[in-house]
Structure formats: C-alpha cells, structure tokens
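Below is one structure, written out as structure tokens, with a few remarks after it.
The values are calculated or read from the model by the stated rules, or taken from the named source; none is laboratory data. If you're wondering where the values come from, they're calculated on a predicted model, not measured in any experiment. So basically every Cβ, Gly included, is an ideal-geometry build from the backbone, and we count neighbours across all protein chains shown. Heads up: the accessible areas ignore ligands, DNA and RNA and are worked out on the full protein's heavy atoms, side chains in. Shrake-Rupley method; radii C 1.70, N 1.55, O 1.52, S 1.80 Å.
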Amino acid sequence: MLRISVIGTGYLGATHAAGMAELGFEVLGVDNNPAKAAALSAGQVPFHEPGLPELLAGHVAGGRLRFGTSLIAAAEFADVHFLCVGTPPGPNGAADLSQLYAALDGLVPHLTRNCLIVGKSTVPVGTAEALTDRIAALAPEGISVDLAWNPEFLREGHAVYDTLHPNRLVFGVTTPDAEWALRQVYTTPIAAGSPVVITNLPTAELIKVSANAFLATKISFINAMAELCDIAGADVTLLAEALGHDDRIGHKFLGAGLGYGGGCLPKDVRALIARATELGAGESVDFLRDIDAVNLRRRERVVRETLDLLGGENRARGRVGVLGAAFKPLSDDVRDSPALDVARQLRAAGVEVTVFDPAATVPARAVAPQLVFAATPAAALHEADVVLHLTEWREFRELDPVFLRTVARGRTIIDARNTLDPEPWLSAGWDFRALGRLVEPRTPAARLAAPAAPRRDQLLDATLPQPSPLTRLRARVRRTA
C-alpha cells in the first residue's frame, strides 16, 4: 500500500493526515513548528474541529499516524506527498507562496524513489507550472517526480466528514501515473460514489478559488438585497426563502446578515482579483471588488447602528455585550471574523465591549487583547446597553431572554445573523432588531397590558351573520362596473 506524507499540519493538514489514516494508509505529518508536531504526536488538536480530536488520537495511538519536523524523513518514507502549507495573503491580496517553495526545497532534493507530489493548498493559477520547473531542477538524478493538484473543499465544522466523504474530487494531473496514484489514495470515497473530475493543472488551481468567489457573490447578493429591504420595508428572510425554491438558485448561502469571513472566502476573492490583474484580465473580475465592498459594508452597518443606539460616536460610557467571536459556528477560527471586527471597531470608538464565544475565546484574545472576554453569555451581557448577536452558534438560540433581561442594562438586541427567533425576545420585553428583516415592534403597553374586554356592541355584532369574502368582492365589482 502507498505511504503518505502530509507537509504542513495546520487546519487542512492535520485534518487530511487523520483522514488518510482513517482510509487505511500509514501517514507521516510534517510541520516546521516543533511544538505543534509534539502536540499532534500526543494526540492533541490545537484548534476546534468536531470529531477530529477523537479520530486523530485514535490513529496516533494505533501507530498508523505520526508527526515530526523532518522533511528528509518524509522524503525517505512516503510515496505520495501532500502539500498542505499555508498561502496567506500579502499586502496587495496576492497569495504568499514562500511556505510552499520552502517545503519543496526541503523535500525534493532528498527524495529516494519515484513519487507523486500533490498540492492541496489554495494557490494562484500558474503556480503548479512554476513548481514543476522547480521540482525538475531539485530532484536527484534518476528520480522521477510527478506533480498533481487536488484542491480541498473542507467546511469548517464539518471537515472530517468532508475529508472522508468528499462531494467531489478534483485531480489536476499531467500523467496517467499521477491519476492512478490519486485513485489509489481515494479508492474508498470513489467506491462510495464521490464524483471525480480529471483536468489539467491550471483548471484544478482555479476551481477552488472560483467556488469560493461564487459563494461570496451569493452571500453578498442577498446582503445587498437586505440593504434594499431595509429601505423599502421588505423582509429579506422571506425573499431568500422564495428565491431558494428556484432550483437554479437553491437555499444555501442565502442567509442575509453580517457577511462572510474566515480564512478562505475573503482571502480567495482578493487573491483571485490580484492574480487576474497580473494576467491582464482584471476587468473580468471587477465585480468581485463590489462583492468584497458589500461584505465589509455589513460590518459597518452594525457598528453604525450600535453607536447610534448608544448616542453616537462620542458616547464614552456605552457598554456592549457581544455573542460570538468566531467567523462561523462549530469553529474557533477568528481569521477575518466579522464578529471580532465589529467588536474591535466598537472598542476603537470608545465603547466598552465584552465578548463570549463557546470555542474561540483563546484565539480571539490573542488577536484582540483590547476586548474583554467573558466565561458565560450572562457575564458578557452584564449591564450591557446593547446586545449584538454576531456568530450563529446553536447555544445562542437556546438563551433565555427573560433571564438576560435581568442581567443587561439596556433592552436592545441586534440579531446580525438573522437566526434568532424574535418572538421570545419580544415577549420578554426586548427591542429586537435585525438586518433586512421585518420584526414587528411592541410597545411596553402592548407587552404588559391584558387584552381589552370587547364592548357590548362588538359582542352583538359578532352574533350577526357576516358576508363572505366572495360576497363582498362581488359587491365591489358591481359598484365599479
């Protein structure tokens, strides 16, 4: 059986290494961070991903999966090498490929047998061609090395399932041997029905960033409609529901709210713009600049509305309780998190901000030490003038608005994710606000007063036979004829 190395053991690499072990392969994970390699070797996952700690620890204990720091050991060990290193954005949005080149420089000169190197990192189109030339220059004499590209499509919070049951497999290859090796690696999911797309290297490189750019476009479209709904008095949640019933559109990614974030969509949209511009095709993706602008505008909208509620930008003693720091639920990823960005902008405006997140407190505190982090939702909302719901964790849908009314100082909540049920909050006396969503406000009298008793004449009228809607319609038609 083929032996596999996974180079780079961040979110993608650690998940892929554990998944390959689960598929039956002997796997060596390599990272240039000794502390990370040591933690993984002890079966400890340094980030939040449901199901991964159990999977990884089980295969480490069983001996099928191990971790280290030596690329030389990987070169001697594996038949297939997966490149899973980071490609973070540079100053102009273009991907920084330094980790990718460093991995090749440390691996290829030490190869001892013919092998396949597989890129999984998200890269600008044309990268694989440049890497092919570099591999040819570095490979020892007599060693044949193929390069393939196999982009990942993991959803944070569902990455283990997506690794073991991919909804599609893309193989960017140049030789039949490379395709054969990848089919051996993915024998189990292919047999279970995962479709395989065989293509060339540039197409494989473009597929991942194109998918993310399309999803970003869909999210920003519905958020642009939410802006229009706010002005026109329409409800974006019902608009999205109606659109989703069109099978050409579908319901997914039509949740209007605070917008997208994380380590993929924002980075990939900006990287695609940068690469298209480098290739002389910048006009072809100009619309993506507007997509990015709409997304950032959602954060500004929440900040502006919160400051207005607190009395404007000069409000010095306002206090805000924030529910959520991660960019999405089931994750502790705070990269380009809309929730954390809103919290930091409010703090920069002089507002006291306290944040609670079920999983992301540690990474959020590391990048936003100016914020206060609480251990419970109630502690985050203590004496808050305004409450912001910024990450759609299930736990937040289960909060008790009646109890939280006794904790907070103010009575206003902004549901920036449009996922809370407004009824319990309204019934508990909250001023419930959402983005692009119609929520019927209630006056204190309407909330607290008992229904008025019907007058005697109303009771008498109720006993009389009432004309049917059809009768009334016919009468109107006769009067206008």
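Tally time: how many residues in segment 306-318 are at pLDDT 70 or above and over 28 Å from the mean Cα position of the chain (by Cα)? Write out each step before concluding.
Here is the first cut: in segment 306-318, the residues at pLDDT 70 or above are 306-311, 317-318.
Then drop every residue that is not over 28 Å from the mean Cα position of the chain (by Cα), which leaves 308-311, 317-318.
Of the residues in segment 306-318, 6 are at pLDDT 70 or above and over 28 Å from the mean Cα position of the chain (by Cα).
Return the total of residues in segment 255-314 being in a loop (DSSP other than H, G, I, E, B) and farther than 30 Å from LEU97 by Cα. Lay out the reasoning, then the answer.
Initial filter on segment 255-314 (in a loop (DSSP other than H, G, I, E, B)): 255-264, 279-281, 311-314.
If we keep only those that are farther than 30 Å from LEU97 by Cα as well, we get 255-258, 311-314.
Final tally of qualifying residues: 8.
Starting from segment 164-179, keep only residues that are outside any strand (DSSP E or B), then list their pairs with residues that are aromatic (Phe, Trp, Tyr) and surrounded by 14 or more Cβ atoms within 10 Å (Cβ to Cβ) whose Cβ atoms are within a distance under 6 Å, requiring at least 6 positions of separation or different chains.
If the second residue must be aromatic (Phe, Trp, Tyr) and surrounded by 14 or more Cβ atoms within 10 Å (Cβ to Cβ), the pairs left are GLU179/PHE171.
Which one of these is open to solvent by 10 Å² or more (accessible area, probe 1.4 Å), within 24 Å of HIS48 (Cβ to Cβ) and β-branched (Val, Ile, Thr): VAL342, VAL285, VAL334? Give the steps one after another, and end with the answer.
Working: VAL342 fails: open to solvent by 10 Å² or more (accessible area, probe 1.4 Å); VAL285 fails: within 24 Å of HIS48 (Cβ to Cβ).
Of the residues listed, the single one that is open to solvent by 10 Å² or more (accessible area, probe 1.4 Å), within 24 Å of HIS48 (Cβ to Cβ) and β-branched (Val, Ile, Thr) is VAL334.
Among the numbered conditions (1) among the small types (Gly, Ala, Ser); (2) farther than 20 Å from SER5 by Cα; (3) touching an Asp or Glu at 6+ places or on another chain (Cβ under 9 Å), tell me where ALA181 comes up short.
ALA181 satisfies all of (1) among the small types (Gly, Ala, Ser); (2) farther than 20 Å from SER5 by Cα; (3) touching an Asp or Glu at 6+ places or on another chain (Cβ under 9 Å) except (2).
Among the residues of segment 89-127 satisfying the criterion of being of a type in the set (A, V, I, L, M) and assigned to a loop (DSSP other than H, G, I, E, B), which is farthest from the chain's Cα centre (by Cα)? First the steps, then the outcome.
Quick first cut of segment 89-127, residues of a type in the set (A, V, I, L, M) only: 94-95, 97, 100, 102-104, 107-108, 111, 116-118, 123, 125.
Going one step further and asking which of them are assigned to a loop (DSSP other than H, G, I, E, B), we end up with 94, 97, 111, 123, 125.
Working: ALA94: 20, LEU97: 23, LEU111: 37, VAL123: 19, VAL125: 23 Å.
Applying the filter and picking the extreme gives LEU111.
Assess whether LEU131 counts as being modelled with pLDDT of 95 or more, over 20 Å from TYR11 (Cβ atoms) and not in a loop (DSSP other than H, G, I, E, B).
Working: modelled with pLDDT of 95 or more: yes; over 20 Å from TYR11 (Cβ atoms): yes; not in a loop (DSSP other than H, G, I, E, B): yes.
So LEU131 fits the description; yes.
For segment 171-194, give me the residue count where each residue is closer than 28 Å to ARG275 by Cβ and open to solvent by 70 Å² or more (accessible area, probe 1.4 Å).
Residues that pass the stated criteria total 1.
Yes/no per residue for (1) under 26 Å from PRO140 (Cβ atoms); (2) in contact (Cβ under 8 Å) with a residue 40 or more places away in the chain; (3) crowded, with 17+ Cβ neighbours inside 10 Å; (4) of a type in the set (Lys, Arg):
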position	(1), (2), (3), (4)
SER5	yes, yes, yes, no
GLY8	yes, yes, yes, no
ALA18	no, yes, yes, no
ALA21	no, yes, yes, no
GLY29	yes, no, yes, no
HIS48	no, yes, yes, no
PHE77	yes, yes, yes, no
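Report yes if LYS218 is of a type in the set (Lys, Arg), part of a helix (DSSP H, G or I) and either without any contact (Cβ under 8 Å) to a residue 12 or more places away in the chain or under 20 Å from GLY93 (Cβ atoms) (or both), otherwise no.
Details: of a type in the set (Lys, Arg): yes; part of a helix (DSSP H, G or I): yes; either without any contact (Cβ under 8 Å) to a residue 12 or more places away in the chain or under 20 Å from GLY93 (Cβ atoms) (or both): no.
Against the criterion (of a type in the set (Lys, Arg), part of a helix (DSSP H, G or I) and either without any contact (Cβ under 8 Å) to a residue 12 or more places away in the chain or under 20 Å from GLY93 (Cβ atoms) (or both)), LYS218 does not qualify.
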